[in-house]
Amino acid sequence: MFDLPDDEILPLSLQHSFWTWSAQKRVSPIPIKRAKGVYFWDVNGKQYLDFNSMTMCVNIGHGDQRVINAITRQAQELSYAAPGMATKPRALLGKLLAEITPGNLNRFLYTLGGADANENAIKLARAFTGKHKILSRYRSYHGATAGAMALTGDPRRLAWEPNLMTGVIHFLDPYRYRSTFHRKNPDISEGDFALDYLNHLEEIIQYEGPQTIAAILIETVTGTNGVIIPPAGYLEGVRTLCDKYHILLITDEVMSGFGRTGKWFAVQHWNVVPDIMTMAKGLTSAYAPLGAVAMKDEIAEFFSERVYQSGLTYTAHPISLAAAIANIQVMQEDHIVEWADHMGGVLHRLLVDLGEKHPSVGDVRSIGLFGVIELVRNRETREPLAPYNGNSPEMIALRQYLLDHGLFIYTHWHTLLIIPPLIINEQQLTDGFEIIDKGLQLTDKAIEA
């Protein structure tokens, strides 16, 4: 079954696959053969340095034998159990998660990934509060299912409107570099900046009626839409507003969780405990598909005598749970969260040095090993190198240059996302930046005087 010549992988994949996020005639996939650590290789033996953890998810790196062995053992012992059954991996993972999640997030609903984790978070919030509306941000991405796409603020939802979940209202991210409120006073203090965006959110809460709002859902650190890090006081202020108006706070840690920011979860940087927290990606480091919804005890207890009307055939799949257990144990044994925090300082220095060298770099941001390079045509006007929800010849050429030189990285509009496996070392990170450094010579030529 697995005896297929390497040169048939690409043509057969193109012949029979329907590709997501793609026009089918324009797909150009890399025919990948194997992966190990922070690298992967195509069928021709070309090595790529993985600066995107594949899909921002392979946190512990590729090919860790400890996780592979755990999956194999679980498959041999119990490959599947119905969602209503108790299993050893279900018991162990719940205990492990309760130890690393903040506050009293002690109960966990297991899903297949981030999108359905977010959808179930909304179901829980609406049932618990008896209210319907959900507030989320314009630069957010929460998944591609109908409910998660409605929660998403970015343009990916537009193609599917109006056939999406109702009751979602969007508000603005505290995006300092492109602040709507501070174009003429960019030097405003961080505290005042945060307060202006909290006032904006509170005004929307009042307009919409707090008695109608079940939850505010945010990516703790905005991910693909710019790695927007909340300013000091902002996340605490959102928590205060939620408490004031009896609204649940849901944090989407699908991308920012499991060490990505140098903490187990990004909310821990601000000592904020949400009512519900969603996770996926780094939960198993993508060795198996899994998402989870963590909730406070009182939300779980609300359903003590009430039926929760939802479920999935593969809820708490034993193989995925075993992968998650092994993944967390690897992170603990190898001190990967602490390493990500340490390497975050290295990433910050490399980003700052790159920004000072290249006039096409408008801004750089990072927290832990979660970074972004924002490219512009003009530093004064901050005109992006590609339009909002668009591309440009310069960005296309840059991405191709990076791929040609063995660097796999995600470009989003006018940004480069730096999201490598958390096991990356300083030399490997520097190697990637040397390729980016040379590639940015292409974008520097686009600078307007």
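The values are calculated or read from the model by the stated rules, or taken from the named source; none is laboratory data. Fair warning: this is a prediction, and the values are worked out from it, not measured in the lab. Glycine also receives a Cβ, built like all others from the backbone with ideal geometry; neighbour counts cover every protein chain displayed.
All of (1) surrounded by 22 or more Cβ atoms within 10 Å (Cβ to Cβ); (2) out of contact with any His (no Cβ under 7 Å at 6 or more places or on another chain) hold for GLN309 with one exception: (1).
Among the residues in region 68-77, are any over 24 Å from LYS281 (Cα atoms) and not β-branched (Val, Ile, Thr)? Looking through region 68-77, at least one residue is over 24 Å from LYS281 (Cα atoms) and not β-branched (Val, Ile, Thr). With respect to the conditions (1) in contact (Cβ under 8 Å) with a residue 24 or more places away in the chain; (2) touching a helix residue (DSSP H, G or I) at 6+ places or on another chain (Cβ under 8 Å), VAL27 lacks only one, and its number is (1).
Per the listing ARG73, ARG66, ARG90, the residue uniquely in a helix (DSSP H, G or I), in contact (Cβ under 8 Å) with a residue 60 or more places away in the chain and in contact with a Leu (Cβ under 8 Å, 6 or more places away or on another chain) is ARG90.
Applying the condition of being among the hydrophobic types (A, V, I, L, M, F, W, C) and surrounded by 10 or more Cβ atoms within 10 Å (Cβ to Cβ) to region 4-27 and asking which residue is nearest to the chain's Cα centre (by Cα) yields TRP19. You will find that of ALA75, ALA81, the residue that is in contact with a helix residue (DSSP H, G or I) (Cβ under 8 Å, 6 or more places away or on another chain), surrounded by 14 or more Cβ atoms within 10 Å (Cβ to Cβ) and farther than 30 Å from MET149 by Cβ is ALA81 and no other. On the stretch given as region 31-66, residues that are touching a helix residue (DSSP H, G or I) at 6+ places or on another chain (Cβ under 8 Å), among the β-branched types (Val, Ile, Thr) and more than 21 Å from SER256 (Cβ to Cβ) total 1.
So that you can scan it fast, the table gives a plain yes or no per residue for (1) closer than 26 Å to THR129 by Cα; (2) outside the structural domain of THR145 (by TED's automatic domain parsing); (3) in contact (Cβ under 8 Å) with a residue 24 or more places away in the chain:
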{"residue": "ASN163", "(1), (2), (3)": "yes, no, no"}
{"residue": "ILE169", "(1), (2), (3)": "yes, no, yes"}
{"residue": "ASP173", "(1), (2), (3)": "yes, no, yes"}
{"residue": "HIS182", "(1), (2), (3)": "no, no, no"}
{"residue": "ILE188", "(1), (2), (3)": "no, no, no"}
{"residue": "ASP192", "(1), (2), (3)": "no, no, no"}
{"residue": "LEU201", "(1), (2), (3)": "yes, no, yes"}
{"residue": "GLN206", "(1), (2), (3)": "yes, no, no"}
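Does any residue of region 2-13 turn out to be touching a residue at least 12 places away in the same chain (Cβ under 8 Å), among the β-branched types (Val, Ile, Thr) and out of contact with any strand residue (DSSP E or B) (no Cβ under 9 Å at 6 or more places or on another chain)? No: zero hits.
Residue-wise test of (1) touching a Gly at 6+ places or on another chain (Cβ under 9 Å); (2) in the same structural domain as PRO384 (by TED's automatic domain parsing); (3) of a type in the set (Lys, Arg); (4) farther than 23 Å from MET343 by Cα.
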| position | (1), (2), (3), (4) |
| --- | --- |
| LEU403 | no, yes, no, yes |
| GLY406 | no, yes, no, no |
| ILE409 | yes, yes, no, no |
| TRP413 | yes, yes, no, yes |
| GLU426 | no, yes, no, no |
| LEU429 | no, yes, no, no |
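Might you let me know whether region 117-124 holds any residue that is touching a helix residue (DSSP H, G or I) at 6+ places or on another chain (Cβ under 9 Å), loosely packed, with under 15 Cβ neighbours inside 10 Å and at negative phi? Taking every residue of region 117-124 in turn, none turns out to be touching a helix residue (DSSP H, G or I) at 6+ places or on another chain (Cβ under 9 Å), loosely packed, with under 15 Cβ neighbours inside 10 Å and at negative phi. Scanning region 118-141 finds no residues that are more than 17 Å from ILE213 (Cα to Cα), more than 17 Å from the chain's Cα centre (by Cα) and not β-branched (Val, Ile, Thr). Just one of (1) within 30 Å of GLN427 (Cα to Cα); (2) part of a loop (DSSP other than H, G, I, E, B); (3) of a type in the set (A, V, I, L, M) fails for VAL346. It is (2).
Identify all residues within region 46-63 that are in contact (Cβ under 8 Å) with a residue 60 or more places away in the chain and of a type in the set (Gly, Ala, Ser); write none if there are none. Listed by number, the residues that qualify are SER53, GLY61.
Can you pull out every residue in region 133-172 that is hydrophobic (A, V, I, L, M, F, W, C), surrounded by fewer than 17 Cβ atoms within 10 Å (Cβ to Cβ) and assigned to a helix (DSSP H, G or I)? Matches in region 133-172: ALA146, LEU158, ALA159, TRP160. Would you call GLY103 surrounded by fewer than 14 Cβ atoms within 10 Å (Cβ to Cβ) and in a loop (DSSP other than H, G, I, E, B)? Considered against the rule, which asks whether it is surrounded by fewer than 14 Cβ atoms within 10 Å (Cβ to Cβ) and in a loop (DSSP other than H, G, I, E, B), GLY103 comes out as no.
Restricting region 190-245 to residues that are acidic (Asp, Glu) and assigned to a helix (DSSP H, G or I), which is nearest to TRP264 (Cα to Cα)? Looking at the filtered set, the residue picked out is GLU236.
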